[in-house]
C-alpha cells in the first residue's frame, strides 16, 4: 500500500513539475541566445489563463474533437506514472510494462491525429498525415531500443529493467550504445524538438504538432499543452533512469529518497542544458529528411538487438 | 447435450437455412427473416459446441454418408472448438446485421442466390472444423470455396467483380490442389483417410518437409499470406459487406485452422525441422508489413480493410512461427505462448474486422459509396456507426485498452522471451520479426487514422455523403456486439486465456505457465510475474476517469462559442481544401517509393498560357509489386504453354479417342 502511495506521489510530481521543465528549457535557450527569457512560472501562468478562458470551437467540430484532449492528457499522465522516477520498485510498472507505455503514447497520438482531422481544414490533415508517418517509424524504433534492455533483463517491466541495469553490471555493451543512440533520436522526434519539429513556431508549412492542434483553444488547448510538457519530462526521465539510473532509490528510506530526488534533478538539469545547447546550435531539418533520421534510429535499434544476440549472449 | 450434438445442430440449422433460402424465394420478406434467424440459431449452436469442445473431452460421430467404404468422420476437439467459437461469435452478429442490411439491399435486386450460398458457405466452414478424415475435410473445404465464389460474384453484372471472382476461384482451387497433395502424402504414409491414421504415420524427413510445403502454400493461399494474397484485396471488397465480414473474419481463419490441423496436428511438430518455423516467421513478417503498407495506399474503404487482413494474418503467422520454433527447440510453454497469442489474435481479428466490414456496409448503404474521395463528415450524419467504427479502428491499431493490443502484446512477449537458440540465423530472425511486428502496428495506426479521419471526419466530399443516412437498428445491433466484445476481450484477457489454453494442451501437450491462468483475474502474466505483466483494468480506469471528467466538465461548464475554423484568412473554406486519402498517405508513398513504385500523372489544361490554369488533375496509382513481378510472369508463362499445346485441341474425334486410349494404357501400366 505504501508503495502505491509513493507511486501516486511520483505521478503527481511528474505531472506537476512538467510545466516547470518546459519553462526551464525555454529559459536555458533564451540565455544561450542572449535573451532574458520568461520566468520559470510562465508555463503555469499560461496554463491557468487557458483553463480560465472560454473555449472556441469550429462550427462542425464533433464530440471526438472535445473528448480528445482528455484522452490525450489521461494517456500521457498514465504513461508518466509508469516510469519510475525516484524509487525503483513501483507497483504500477506491473500493471503496464514498456510495451503498454509505448502503446499509451500511441493512443494519445492517435487521438491527437483524429482531432486534427475532425474540423476538415488542410492544416489538420497535413499535421495528422505527417505525425502518423513519423510515428510509424519512431514508434518501432522506440520499442526496439527499449527491447535491447528488456532482453538483457529478461523482463519488459520497467522496474525490473532498471534494477538489472543497476545491479548486474551490464557495463559498456555495444548493444546499449546503439539502443541509447536510437532512444535519444526518438525522444527528440517524439517530443517535437529541433531538428525534427520546432515547438516555438507557427509557420504553417514546417510545423507538425502545432498544425494538428491549431483549432484548439481554452481548456482543451491547456490540456494538450500540459500533456506535451509531461511528455518531455517523461522522455527525459525514461532516458536517464534506463541508461543512467545511478542514484535512484532502491528502498523507501528518507535518506535514499532525498539522494535519489537530488540526483534526478541534477541529471535533468544537465540533460535540459544539453538539449538547449543542441537546439540553439542546430537548425530544423527539411520535412523529408525526418524519415531518413527516424529510419536511422530504427536501424540503430535493430542493430542493438542483433549485436546483443550475436555478440553478447554467448559470452 | 454433448458438444457434438450442438455441432450437428449448428450444421442442420445452416442446412435448414439453405432450404429456406430455396423454398421461400417467392416471399423475400419471410425468406430474409427465416434465413437470418436460422443462421443466428446455427451461430448459437456453434458457440455452444465450441465451448464444449474447449472444455470437455473430444467427441466423435460417424455419419453413414460419403464414400461407400468411408463414412464421414466428425470429431470435435479443442482446436476445432476454438474456431467454432470464433465462428459462432461473428456469425451471430452478422446474422443480426444481415436482417437490416439485406432489407436495404433487397430493395434493389433479387437476393435468392445470396440466401442459397450464404448458408452453404457457413456449412462449409463448420464442416471443415469438424472433419476427422481427409475426404470430409476436402468436401467441406471445396464447398466453402465454391459457395464463397458465388458470393463474391453476387453482383456479377460488374466487370471487376467477375474478374475478382475468377481470380479467387482459380487461386482457391490451386490452393485446394496443394492441400490435396499434402493429404496424399499423409495418406500414403498412414494408409487411411482417417486423421487418426495420419497422426500415427511416420514420414521420412523429405516427405514430411514436402507435405509441410504443400500445406503451407495451400493454406497460405487461402489465408492470404504474402506472396499468395493477390485474390484477397479483389475478392473481399466485391462481396456484399455481410459476406466480406464473414470472409475476412472467419474464412481466412479457417485456413489458419487447416494449417494448425495439418502441420501441428497431423504431421506433428515432432517431425518438424527448424526451418519450418523460420519460414512461417519470414512469411508472417512479410505479410504483416507488406499488407499494411499496401493498405495505406488504397483509397477504397473495403480494399483498405482487405489489405489489412493480409497484415493481421501476418501477425497470426508470426505467433505460429514462433510457436513452431520454440516447439522444435523443446521449450513447450513458450511454444504454447506463441500459439495462444496467434489464436487470440485470430479471435480478435474476427471481431474487429467483422465490425469494420459491417461498418463499411453501413457506409455503403448510408452514403452510397465506399470511395474515400466521395465520403467525409459522416460522424455527424451517422453518429452511432461512427462510434462503433471508431472502436474497431482503435482495436485494430493495437491500442489499449482494446483487444488488438492484448494479442500483439502476447506476440511481443513470445518474441522477446526467445532464449538463445542454436544457429545465429534464427537468433537474428526472431528479433527482426519483432521489429516488423512493431513497424506493422505503427503503420496500422496511421492507416486507420486515415480511414476514420477521411470517411467520418472533416466535411462531406460529395452530396451523397452530405445526405447520408444512419444505419438501421438491426445493423447497429450487429455492429455493437463485436464492438462490445472488442472491449471485453481487451479488458478480461485473463478470463479468455484459460479457455484458449486447452488448444496447446491438446496439440502439443503443453500449456502456459501456472502464473498465466492461476493468477488473479485482474492480471495478465503469460510467463511469470517478474517477467512481464499487464493489467488492462487499470488502464481502463485511467481512461474512464478522463471520460467522466469530460462529461462533468461538458455538462457543468458546457458554454462554448462556435465559429468558423481558421483558414489563413481565406474567406471560403470548402470540402475540396481538405486533405484527401491520397494526400494523407503521400509522405509514406515517398518514403517507401521503391516498394510502391507509384505511377503518377499530372493532367493540365489552360487558357492558352501556362499561368492561366483551367483545370489540374493529379492521378496516382500504386500497384501491388508482386502482381507485376510474380503474377504477371506466371500468367504469361501459362499463356505461352497453352499456346504450345493448342494443337492438341484441334483433333478429329478419333484423335481424342486415341488420347483416351493412351492415357488408359499409361494408367494401367502405372497401377500394375
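Rule-based calculations on the coordinates, nothing more; no lab input. Because the structure is a prediction, the values reported are computed rather than measured. Heads up, the Cβs are rebuilt from the backbone with ideal geometry, glycines too, and the neighbour counts pull from every protein chain shown.
Going by Cα centres, the range B:451-469 and the range A:227-256 are how many Å apart?
Between the Cα centre of the range B:451-469 and that of the range A:227-256, the gap is 46 Å.
Listed highest first by mean packing, meaning other Cβ atoms within 10 Å per residue, what order do B:290-301, B:257-268, B:604-615 come in? Don't skip to the answer; put the middle values down first.
On the way: B:290-301: 25.1, B:257-268: 23.3, B:604-615: 8.7.
Ranked from most to least packed, the peptides come out as B:290-301, B:257-268, B:604-615.
Going by how many other Cβ atoms sit within 10 Å of their own, how do A:138, B:209, B:567, B:107 line up, fewest first? Before the final figure, lay out the partial values.
Values: A:138 30, B:209 17, B:567 14, B:107 9.
Least to most surrounded, the residues fall as B:107, B:567, B:209, A:138.
Can you give the average number of partner chain beta-carbon atoms within 10 Å of each beta-carbon in peptide A:137-143, as a whole number?
Values: counts 5, 1, 7, 10, 4, 2, 8.
Rounded to a whole number, the mean comes out at 5.
Once you keep just the Cα pairs under 8 angstrom separated by 6 or more residues, what percentage relative contact order results for chain B? Please report the intermediate quantities before stating the final value.
Values: 1117 pairs, mean separation 76.7, N = 672.
For chain B, the relative contact order is 11 percent.
Between helix A:254-281 and chain A, what is the angle of the helix's C-alpha long axis to the longest principal axis, kept within 0 to 90° and rounded to the nearest 10?
50 degrees
Let me confirm one metric for peptide A:72-82, namely the mean number of other chain beta-carbon atoms within 10 Å of its residues' beta-carbons. Intermediate results must be reported in sequence, preceding the final value.
On the way: counts 1, 2, 10, 6, 0, 3, 8, 1, 0, 2, 2.
That average works out to 3.
Report the FRET efficiency, 1/(1 + (r/R0)^6), for residue B:593 and residue B:177, where r is their Cβ-Cβ distance and R0 is 35 Å, rounded to 0.05. Walk me through the numbers on the way to the answer.
Values: r = 37 Å, r/R0 = 1.07.
Computed FRET efficiency for residue B:593 and residue B:177 comes out at 0.40.
Where a ≥ b ≥ c are the square roots of the eigenvalues of the C-alpha gyration tensor, would you call chain A rounded, which needs a/c under 1.5, or, failing that, prolate if a/b is larger than b/c, or oblate?
Working: a/c = 1.59, a/b = 1.35, b/c = 1.18.
Prolate, because a/c is 1.5 or more and a/b exceeds b/c.
Arrange the following residues from fewest to most other Cβ atoms within 10 Å of their Cβ: B:32, B:384, B:651.
So the residues, fewest neighbours to most, are B:651, B:384, B:32.
Using the alpha-carbon atoms, what tilt in degrees (0 to 90, nearest 10) does helix A:122-153 show relative to the longest principal axis of chain A?
Here the helix axis deviates by roughly 10 degrees.
When chain A is treated as a GNM, springs tying every alpha-carbon pair under 10 Å, which of A:56, A:15, A:290 comes out with the largest mean-square fluctuation?
Among A:56, A:15, A:290, the largest mean-square fluctuation in the Gaussian network model of chain A belongs to A:56.
Roughly what % antiparallel, to the nearest 5, for the DSSP beta bridges in the protein assembly as shown?
Details: 19 of 23 bridges.
Among the beta bridges of the protein assembly as shown, antiparallel pairing accounts for roughly 85 percent.
What order, most packed first, do the peptides B:430-441, B:571-582 have when packing is the mean number of other Cβ atoms within 10 Å of each residue? Don't skip to the answer; put the middle values down first.
Details: B:430-441: 25.3, B:571-582: 16.3.
Sorting B:430-441, B:571-582 by mean packing, highest first, produces B:430-441, B:571-582.
Calculated FRET efficiency, residue A:35 and residue A:266, Cβ-Cβ r, R0 35 Å, to nearest 0.05?
According to the calculation, E is roughly 0.90.
Quick check: Cα centre of the range B:78-109 to Cα centre of the range B:209-230, how many Å?
With the range B:78-109 and the range B:209-230 each reduced to a Cα centre, they are spaced 27 Å.
So what is the relative contact order for chain A, in percent, with contacts set as C-alpha pairs under 8 Å and at least six apart?
Here the relative contact order equals 29 percent.
Within a 10 angstrom radius of each residue's Cβ in B:559-571, how many Cβ atoms of other chains show up on average? Whole number is fine. Walk me through the numbers before you get to the answer.
Working: counts 2, 9, 6, 6, 5, 5, 13, 7, 3, 4, 0, 1, 0.
Counting Cβ atoms of other protein chains within 10 Å of each residue's Cβ and averaging gives 5.
State, as an integer percentage, the relative contact order of the range B:577-621 based on alpha-carbon contacts under 8 Å between residues 6 or more apart. Could you put the intermediate results ahead of the total?
Working: 36 pairs, mean separation 14.3, N = 45.
In percent, rounded to a whole number, it is 32.
Checking the a/c ratio against 1.5 first, then a/b against b/c, what shape does the Cα gyration tensor give for the range B:630-671?
Numbers: a/c = 5.93, a/b = 1.73, b/c = 3.44.
Oblate shape, in that a/c is at least 1.5 and b/c is the bigger or equal ratio.
Take the alpha carbon atoms of the range A:9-87, find their center, do the same for the range B:616-646, and report the distance between the two centers in whole angstrom.
Centre-to-centre distance over Cα atoms comes out at 54 Å.
Could the peptides B:4-15, B:356-367 be put in order, highest first, of the mean number of other beta-carbon atoms found within 10 Å of their residues? Before the final figure, lay out each step's value.
Values: B:4-15: 21.7, B:356-367: 27.8.
Per-residue Cβ counts within 10 Å, averaged per peptide and sorted highest first, yield B:356-367, B:4-15.
Compute the angle between helix A:98-118 and the longest alpha-carbon principal axis of chain A, please, reported from 0 to 90 degrees and rounded to the nearest 10.
10 degrees
Return the calculated 222 nm mean residue ellipticity for chain B, to the nearest 500 deg cm²/dmol, obtained by summing -39500 (n - 2.57) across DSSP H runs with n ≥ 4 and dividing by the residue count. Mind showing how you got there, number by number?
Values: 29 runs with 456 residues, N = 672.
Result for chain B, helices only: -22500 deg cm²/dmol.
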